[in-house]
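The values are calculated or read from the model by the stated rules, or taken from the named source; none is laboratory data. Worth saying up front: this structure is predicted, and the values here are computed from it rather than measured. All Cβ positions, glycine included, derive from the backbone under ideal geometry; neighbour counts span all protein chains shown. Please note that ligands, DNA and RNA were not included when accessible areas were found on the heavy atoms of the full protein model with its side chains. Shrake-Rupley method; radii C 1.70, N 1.55, O 1.52, S 1.80 Å.
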Amino acid sequence: MPSDDWMRPSPRLRQARHVEAGAVTILLLAVAGAILALSSVRNGLFAALIAIAAGVLLDVMLQRRVGSWGYLEREDDLLIRRGLLVRRLSVVPYGRMQFIDVTAGPVERSFRLATVRLHTASAASDARIPGLAIEEAARLRDRLAALGEAHAAGL
Amino acid sequence: MSEPDRWHRLHPLSPAIPSGRLVLALVVVFLPSFAGGGGGAWDAAGHLAALLVIVGLGFVSWLVTRWRIEGGDLRIETGLVRRSSQRFPLSQVQAIDTVRPGLARLFGLAELRLRMGGSGGAARLAYLPVAQAEELRARLLALSRGAHEDTPEPEDRPLVRVPVRRVAGSLLLSAPVLVLVVYGAILAGVELGGGSAPAVAGLALPILLGDAVAIWRRFNRAYGATVAAAPEGLRFRSGLVETNAETIPEGRVQAVQLVEPILWRPFGWCRVDVDVAGRVRERGDDRGDERELRSVLPVGTRAEAEALLQLLVPGAPAPVRRPPRRARWKSPLRYRRLGFDFDARYAATAAGRLGRVQVWVPLTKVQSLRRVEGPVQRLLRVATVHLDTAGKRVSAALRDVDGTDSLRDLEQLTELARAARRA
C-alpha cells in the first residue's frame with residue numbers, strides 16, 4: 001500500500017505520550033521513595049535508578065509507537081495501520097460501521113486530542129485512531145457517519 | 001401487516017420451572033437442619049418463609065409479564081418495579097430455538113428463544129405450552145421472512161440422524177472423559193505407592209463433579225441429534241432430558257466450522273458448528289449453553305458433514321492454497337494443517353494443532369479485515385489475514401500467507417466482500 005498519503009495522528013500525541021510516561025515514572029519513583037524510607041538508602045537509590053530506566057524505556061517505546069499509527073480514507077473503506085513489533089493493518093468498509101465513538105481521556109483532553117473508534121457488528125474488528133486533534137476527530141466522525149449511511153448494509 | 005394481536009400471558013406453571021431447581025437446591029441445603037431437628041420451630045419457619053418468598057417472586061414475575069405480536073415486532077413487557085417493554089423486530093431474527101428443560105417437559109411446556117442480530121440479545125418466552133410454542137415459532141418464522149403469518153409451516157425433510165451409539169463412542173474419546181481416565185490412573189498410582197487414594201480423591205471432588213456435568217451436558221446436547229431441511233432454513237433438534245430445537249433461516253450463517261478431533265480420526269468422525277450473529281453472552285446471564293457454540297452436527301461421518309456443508313455453504317472452495325514452507329518455523333505443529341482459499345462467495349481456512357479445524361465464511365458476512373504481522377512472521381516474510389464476522393466464536397484467518405501475497409489477498413478479499421455485499 002502506498003505510504004505517502006497516509007494521515008497521521010496529531011504531533012501533540014507525542015507530548016501526550018511523554019506526559020503519560022512521566023506519570024508512570026513518578027508512580028515508580030514513589031515506590032522507590034517508600035523503599036528508601038522503609039529500607040536502606042542504598043536499596044532506595046537502586047530502586048529509583050530502576051524506576052527511571054523503566055520510565056525512559058517506556059517513553060522511547062511509546063514515542064516509536066506514535067509514529068506507527070496511520071489511517072487512509074479510501075473510496076469504500078477506511079484503512080488503519082498501527083504497531084511496530086506486531087504490525088496491524090485493518091480494513092473497515094464504510095458500509096459495515098455500526099457506530100463511531102469519540103473519546104478523550106484526561107491526558108488526551110489536556111492536549112486537545114481525542115480517539116476515534118469504529119465499531120462493526122464484529123467484536124474482533126478493533127479499529128481506533130488515537131491522538132487526533134479534536135477538530136480532525138470531529139471531521140472524521142462526521143465524514144465516517146455520512147459515508148456509513150451511504151454504504152449501509154444489513155447483517 | 002397484521003392487526004395487533006391481543007396480549008398473551010406465559011403459562012401459569014412457568015415460575016415453577018426455574019424456581020423448581022432452586023427449591024430443590026434449597027431443600028438440599030436445609031435438609032440437615034430439618035433432620036437434625038436442632039434449630040427448632042423457628043428455624044423451620046424461616047426456611048418455609050424463604051421458600052414462599054421464592055415461589056411468590058416467581059409468581060409475581062409471571063403476573064407482570066405479557067407478550068404480543070404487533071406489526072412486524074414481538075413485544076414483551078415485564079417487570080413489577082422496573083417495568084421494561086422490549087420490542088424485537090422480527091425481520092432481524094437470526095435464529096429461533098425451542099428449549100425444553102426436563103421439568104418443562106414434565107409439564108408439557110417449552111421455551112421459545114429468538115436470537116437477534118446486533119447487541120439486542122435474545123428474546124425469551126419462557127414458558128409456553130408446547131403446541132402454542134410450535135405454532136408461534138412457525139408464525140414468527142413466517143413473519144421474519146415477510147410471508148403472511150398464516151402460511152402453513154411446510155414439512156421438513158430429515159437429512160441426518162446421529163445414532164446414540166456414535167454419540168456415546170465420541171464422548172468416550174473426548175477431553176472430559178480423558179481427564180477422568182488420567183485421574184483414575186493417578187489414583188491407582190497413589191494407592192500402589194502406599195498413599196491414601198480416598199484422601200486424594202476427596203481433594204479433586206469439585207473438578208470431578210464439573211467434569212461429570214460437562215460429560216452429561218455434551219451427551220444431552222448430542223443425544224438424538226437430527227438435521228432437517230425446511231423451506232425456511234435448516235432445523236436442528238437434539239436432547240435427551242433437555243431438548244433443543246433450533247431453526248437457522250437461510251442467509252443467517254456467519255461462519256461454518258468443521259472440526260476433526262485427533263481422537264476421532266480412526267473413526268472418521270467430525271463435528272460441524274454454525275455461528276450466527278448475536279452477542280457472546282447476556283450481561284448477568286451466565287447460562288452455560290450460551291457460552292459454547294452450538295454444534296449442529298455433534299458427531300457425524302465425513303459424508304454427512306459434506307452433505308451438510310453443501311447446504312450451508314454450497315459450492316465453497318476447499319482450503320487448498322498452502323503457506324510457504326518457511327512458515328514451518330513459526331507454526332511447527334500447525335504447519336501441515338494450514339491452508340486457505342477463497343472465491344467470489346466464500347473464504348475457506350484450515351488450521352489446528354492436533355486435530356483439524358476448517359472454517360468457511362460467506363464473504364457477504366465479512367465485517368472487517370485485518371492483516372497482522374508479528375515479529376517472527378516478519379522474519380519469515382509471512383503474515384496472517386483475519387476475516388471478522390458478527391459471529392460469536394468462529395474466527396477465520398488465512399494464516400502465514402506469504403508476505404506480498406497477503407497484501408494482495410487482503411486487497412482482493414476486500415474487493416470481493418464489497419462486491420458480494422452489493423450483489
Name the helices (complete DSSP H segments) of chain B with a Cα length along the long axis of 20 Å or more and a Kyte-Doolittle mean of at least -1.0, or state none. B:16-36, B:40-63, B:130-145, B:175-192, B:205-222, B:403-422
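Leaving ligands, DNA and RNA out of it, report the carbon-plus-sulfur percent of the accessible area of the stretch A:8-66 at a 1.4 Å probe.
On the way: 2920 of 3900 Å².
That fraction is 75 percent.
Quick check: with the 1.4 Å probe, what order do B:Trp7, B:Trp329 take by accessible area, largest first? Please list the in-between numbers first.
On the way: B:Trp7 60, B:Trp329 185 Å².
I get B:Trp329, B:Trp7, largest accessible area first.
Just check chain B against the gyration tensor rule for me: Cα atoms, a ≥ b ≥ c as the square roots of the eigenvalues, rounded for a/c under 1.5, and otherwise prolate or oblate depending on whether a/b exceeds b/c. Can you show the working numbers first?
On the way: a/c = 2.07, a/b = 1.22, b/c = 1.69.
Cα axes put chain B in the oblate bin.
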Using label points projected 7 Å from each Cα along Cα→Cβ, tell me how many nm separate A:Leu84 and B:Glu306, to one decimal. 5.2 nm
Would you mind counting up the charge near A:Gly95? Only other residues with Cβ under 11 Å from its Cβ, with Lys and Arg at +1 and Asp and Glu at -1. +1
Quick one: ranking A:Met61, A:Met7, A:Met97 by accessible area, 1.4 Å probe, largest first, what do you get? A:Met61, A:Met7, A:Met97
Given N residues in the stretch A:1-152, what is its alpha carbon radius of gyration divided by 2.2 N^0.38 Å? 1.31
Show the residues, 5+ positions off or on another chain, whose built amide H is closer than 5 Å to the amide H of B:Ala95. B:Arg115
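Would the stretch A:69-155 count as rounded, prolate or oblate if I go by the C-alpha gyration tensor, calling it rounded below 1.5 in a/c and otherwise prolate when a/b exceeds b/c, oblate otherwise?
On the way: a/c = 1.85, a/b = 1.31, b/c = 1.41.
Oblate.
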Helix axis angle, A:12-38 relative to chain A longest principal axis, alpha carbon, degrees: 30 degrees
Regarding the protein assembly as shown, what whole-number volume in Å³ per residue does the convex hull of its Cα atoms give? 260 Å³
Tell me the net charge near B:Val361. Cut-off is 11 Å between Cβ atoms, B:Val361 excluded, with +1 for each Lys or Arg and -1 for each Asp or Glu. 0
Kindly sort B:Arg105, B:Arg165 by accessible area of their heavy atoms, largest first, with the probe set to 1.4 Å. B:Arg165, B:Arg105
What is the diffusion coefficient of the stretch B:253-422 in µm²/s, taking the Kirkwood radius over Cα pairs and the Stokes-Einstein relation at 4 °C with a viscosity of 1.567 mPa s? 78 µm²/s
Cα-projected label distance for A:Arg139 with A:Arg42, points at 7 Å along beta-carbon direction, nm: 6.0 nm
